[in-house]
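The values are calculated or read from the model by the stated rules, or taken from the named source; none is laboratory data. In this text the structure is predicted, and so the values were computed from the model without any measurement. Cβ placement follows ideal geometry from the backbone for every residue including glycine, while neighbour counts extend to all protein chains displayed.
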Amino acid sequence: MIDKELLEILACPVCKTEVRLEGERIVCTHCGRRYPVRDDIPVMLVDEAEMPGVPGGGAPQAGASPDPHPPGAAS
């Protein structure tokens, strides 16, 4: 469980705004990014955050490159 005092001083590393605890995630009140909590330690890394509205809730994998041949692109 996250200590209330710790939660009060945490901020989203992207927006610099306050966050709240929702289940097993720390959620930014501005952008909605969801940061995991592992072994009662908030993981406030942008690469680990889940974006709101993304199917499956996952963030793109670190080091993942975009599709070199997206649909509709000229070959």
Handout entry: Test for P36: is it modelled with pLDDT of 95 or more and surrounded by 12 or more Cβ atoms within 10 Å (Cβ to Cβ)
Key = yes
Practice task
Select from region 24-47 the residues that are part of a strand (DSSP E or B), in contact (Cβ under 8 Å) with a residue 24 or more places away in the chain and farther than 15 Å from D3 by Cβ and list them in ascending order.
Solution key: R25
